[in-house]
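The values are calculated or read from the model by the stated rules, or taken from the named source; none is laboratory data. Since we're looking at a predicted model, the values are computed, not measured. Reconstructed Cβ throughout: ideal geometry from the backbone, glycine too, with neighbour counts over all protein chains shown. Only protein heavy atoms, including side chains, enter the accessible area calculation; ligands, DNA and RNA are left aside. Shrake-Rupley method; radii C 1.70, N 1.55, O 1.52, S 1.80 Å.
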Amino acid sequence: MARAKAILLSPKSEWPVIAGEPTTVADLYKGYAIWLAAIPAIFTFLKMSVIGTSVMFAGTIRIGIGAGLSSMVMSYVLALAMLYVLALIVDALAPTFGGQKNSIQAFKVIVYAYTASWIAGIAQILPTWLGVLLMIAGGIYSIYLMYLGLPQTMKCPPEKAAGYTAVIVIIAIVVGAVIGVVVGSVAGVGSMMAGTTYNSSSDDDDVQFDEDSALGKAQKWAEEMEAANKKLEDAQKSGDQGAQEEAMKAVFGAALGGGQQVESLAPDRLKSFVPEELAGLNRSSLSAERNGAMGLQVSTATATYSNDSGREVRLEITDAGSAKGLLGLASWAGVEGEREENGRREKTFREDDRLMHEEWDSNASQGQYTVVVGDRFTVKIEGAADSVAELREAAEQLDLDGLADLRTEGVKN
């Protein structure tokens, strides 16, 4: 409590104290992060399952206690895991912004900067408009805390702290959004740490994980990203503005592409996987597009299938492109879960090295089936059917193996 109060009320004087403290990642977790990170998870549970959310014309809606508790645990565990991933990124980026690499200091700046955002999680139980404003304020103040802390912890020049902070914040937003979309409906996350081993020695302060585990692959990802950061550092030394801009784009592409820059498939290439007929229905619409920014690209093809009786099924094929590294991270984590409530069933599982997600509403005879192909593409089919198995059979009519064969197309090392 004393540290949280100090970092919030007097951050300029508290950061030098934090930077000089001897500690470990384990101590920062058990002595600080596990307590404060629980605040938004707990208050979200209270809001969603106990107090309820007011919806216009529908009254107050609450999710079941069981589902609420599962979501609370999942969000809490993911929040703690995300701290470590972001610390790896902070550490890898340090030389790029004139700082010094130090894994402990990187973890410090992430953990203590998050203080304002965590405490603002209490606002979940307030009226919606007021709660949103307070949570936004907490997020903004956390960014300010990071801006003040980076020069003290990572030893970067103060004039480079703003750029350093901006890159970290953008990556944090994208990482959080992608992970949230992929595993947001999953009730169980126990397998995330499966296969993880830790080893260190007195002669080597670096933490190493089993290379086949989720954290081992995340660590390798950070090491590959460091190479891209070195190119950015060289571009900055050259003074060539154009080269710096291209190098910065490469950093984003490498960070989100798992150490690689990826050009997503052209719309016409993706459209070739969309059939004229699906699930016994004729195609009534088709569109495809590719969008990009800061060197990141994502392509999507969507189609609607219908008949004269009004039945409709929608197909969406997405090439994550430059964000394939994050999609791969979701697969590495090995998330699985299943829940059923009031005629609705959801299930996330792995089969034949592919991550799959099913949703089925028996009351409406509608559902959704999603499969991740080649740790890069997602294929989603949703709509009316006799069962979710029928939607899965429709997905299997597509050339999924052919799509998987394109997982390395457009990849640049």
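Each row is one residue, and each column tells you yes or no for (1) within 28 Å of His357 (Cα to Cα); (2) of a type outside the set (Gly, Ala, Ser); (3) at pLDDT 75 or above.
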{"position": "Ile125", "(1), (2), (3)": "no, yes, no"}
{"position": "Ala137", "(1), (2), (3)": "no, no, yes"}
{"position": "Pro151", "(1), (2), (3)": "no, yes, yes"}
{"position": "Ile173", "(1), (2), (3)": "yes, yes, yes"}
{"position": "Gly176", "(1), (2), (3)": "yes, no, no"}
{"position": "Ala194", "(1), (2), (3)": "yes, no, no"}
Would you confirm whether or not the range 99-110 contains a residue that is of a type in the set (S, T, N, Q), open to solvent by 40 Å² or more (accessible area, probe 1.4 Å) and assigned to a loop (DSSP other than H, G, I, E, B)? yes
Cβ pairs under 7 Å, 6+ apart, first in the range 274-290 and among the β-branched types (Val, Ile, Thr), second open to solvent by 40 Å² or more (accessible area, probe 1.4 Å) and assigned to a strand (DSSP E or B): Val274/Leu286
Out of the range 314-347, which residues are open to solvent by less than 10 Å² (accessible area, probe 1.4 Å) and modelled with pLDDT of 80 or more? Leu315, Ile317, Asp319
For the range 47-68, state whether one or more residues are modelled with pLDDT of 80 or more and open to solvent by 60 Å² or more (accessible area, probe 1.4 Å). no
Please verify whether the range 87-94 includes one or more residues that are open to solvent by less than 60 Å² (accessible area, probe 1.4 Å), among the charged types (D, E, K, R) and either modelled with pLDDT of 85 or more or touching a strand residue (DSSP E or B) at 6+ places or on another chain (Cβ under 7 Å) (or both). yes
Look through the range 7-33, keep the residues that are farther than 23 Å from Gly138 by Cα and not hydroxyl-bearing (Ser, Thr, Tyr), and return whichever of them is surrounded by the most Cβ atoms within 10 Å (Cβ to Cβ). Val25
Residues being open to solvent by 40 Å² or more (accessible area, probe 1.4 Å), over 16 Å from Phe377 (Cα atoms) and at pLDDT 70 or above: count how many of those fall in the range 244-278. 2
Confirm whether Glu390 is more than 22 Å from the chain's Cα centre (by Cα), in a strand (DSSP E or B) and closer than 18 Å to Glu312 by Cα. no
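Checking the conditions here, which among Ala120, Ala116, Ala137 is of a type in the set (A, V, I, L, M) and either surrounded by fewer than 16 Cβ atoms within 10 Å (Cβ to Cβ) or more than 27 Å from Asp27 (Cα to Cα) (or both)?
Values: Ala120 fails: either surrounded by fewer than 16 Cβ atoms within 10 Å (Cβ to Cβ) or more than 27 Å from Asp27 (Cα to Cα) (or both); Ala116 fails: either surrounded by fewer than 16 Cβ atoms within 10 Å (Cβ to Cβ) or more than 27 Å from Asp27 (Cα to Cα) (or both).
Going through Ala120, Ala116, Ala137 in turn, the sole match is Ala137.
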Among the residues of the range 372-389, are any crowded, with 17+ Cβ neighbours inside 10 Å, in contact with a His (Cβ under 9 Å, 6 or more places away or on another chain) and at pLDDT below 90? yes
(1) at pLDDT below 80; (2) within 23 Å of Ala4 (Cβ to Cβ) all hold for Leu80 apart from (1)
Regarding Gly367, is this residue at positive phi and at pLDDT 90 or above? no
Which of the residues belonging to the range 8-27 are touching a Phe, Trp or Tyr at 6+ places or on another chain (Cβ under 7 Å) and modelled with pLDDT under 90? Val25
